[in-house]
Amino acid sequence: MVQPQEPHFFQPLLPGFQTYLTIPIVFFSKHIQGKTNGNTWTLTSDSMDQTWQVIQEERRLTRGWKEFAEAHDLRIGDIVIFKLKGSMVFHVTPFGPSCCDIQYTYPNSMEEAHDHQNNRIGARFSYSWDYCFKAEVTDSNVREDKLDLPVGATGCNALNKECKKAKLVNIEGKAWNVSMRFNESGGFYYIKGWRKFCAENKCHIGDSFVFNVVGDGNTWPLMCVCAPSKECLKSAGDIASSSRVN
């Protein structure tokens, strides 16, 4: 997969995210550890002209992060993408469950601001990150335009047999709609549309990826796809099969 020119990382927002945000170990080791003199991150976003000063303590963003999260009305199930723009300066793009940039409305007066504390467009969802698996690009799954999910995915709360669509999102936040089906005889989910995702992300046979699945079991599940670190591969216990006989 072609890597973005500017260093990126994305994080799903889990319960308790208002307290701190964990920096992925690979990004931290490559771009932060031993390469910066301070411990203060400057965060910017497209939604506001303001900047936020957030304290980094080891691999966590702590003081100041809560204020940033509240100002952007971030919620469980959202994804935040951090793009390194300069020395300790990060541009942050929040994505909602629809995998689109979160849109905001702004009050015209202080009274409206008080009456409309929630200025984010869209309904609130109860989402959870509860399943992770790894998969490999193979000649057969690209040729068949089909990726079988591990049997263990049947226990994932984000998936259900009635859901016929899903979204794949890469590290840059770009999304692809794919079809999702359940194979009754084999007892596993599979997605169609895998070939286009691989082609547009310049994937090669043998590339491995980790899929993080989020959803509420009612709306389209979201699968964040990233090239894994060794730690990430170790934590993703289930392996998507590329050779299952259907």
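Quick rundown of the values:
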{"read-out": "Pair list, Cβ under 9 Å, 6 or more apart: the stretch 182-208 residue within 17 Å of Val225 (Cα to Cα), other residue assigned to a loop (DSSP other than H, G, I, E, B) and hydroxyl-bearing (Ser, Thr, Tyr)", "value": "Ile205/Thr138; Gly206/Thr138"}
{"read-out": "Check on Phe90, open to solvent by less than 30 Å² (accessible area, probe 1.4 Å), outside any loop (DSSP other than H, G, I, E, B), under 25 Å from Asn212 (Cα atoms) and at pLDDT below 90", "value": "no"}
{"read-out": "Enumerated strands (runs of 3 or more DSSP E) restricted to the stretch 1-75, each holding at least 1 residues that are touching a Leu at 6+ places or on another chain (Cβ under 8 Å), open to solvent by less than 50 Å² (accessible area, probe 1.4 Å) and modelled with pLDDT under 90", "value": "8-12"}
{"read-out": "Test: residue in the stretch 207-225 that is at pLDDT below 95, surrounded by fewer than 20 Cβ atoms within 10 Å (Cβ to Cβ), of a type in the set (Gly, Ala, Ser) and over 22 Å from Phe95 (Cβ atoms)", "value": "yes"}
{"read-out": "Count of residues meeting criterion [out of contact with any strand residue (DSSP E or B) (no Cβ under 8 Å at 6 or more places or on another chain) and under 17 Å from Pro221 (Cβ atoms)] in the stretch 175-199", "value": "0"}
{"read-out": "Of all residues in the stretch 76-87 being charged (D, E, K, R) and within 25 Å of Asn177 (Cβ to Cβ), the one that is modelled with the lowest pLDDT", "value": "Asp78"}
{"read-out": "One residue from Phe182, Phe197, Phe209 being aromatic (Phe, Trp, Tyr) and more than 18 Å from Tyr131 (Cβ to Cβ)", "value": "Phe197"}
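Rundown of residues vs (1) among the charged types (D, E, K, R); (2) open to solvent by less than 40 Å² (accessible area, probe 1.4 Å); (3) at pLDDT 95 or above; (4) in contact with a Lys or Arg (Cβ under 7 Å, 6 or more places away or on another chain), yes/no style:
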| residue | (1), (2), (3), (4) |
| --- | --- |
| Tyr131 | no, yes, no, no |
| Lys134 | yes, no, no, no |
| Asp145 | yes, yes, yes, yes |
| Gly155 | no, no, no, no |
| Lys165 | yes, no, no, no |
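The values are calculated or read from the model by the stated rules, or taken from the named source; none is laboratory data. This structure is a prediction, so every number in the text was calculated from the model and none was measured. Cβ: placed from backbone, ideal geometry, glycine included. Neighbour counts: every protein chain shown. All accessible areas refer to the heavy atoms of the entire protein, side chains included, with ligands and DNA or RNA removed. Shrake-Rupley method; radii C 1.70, N 1.55, O 1.52, S 1.80 Å.
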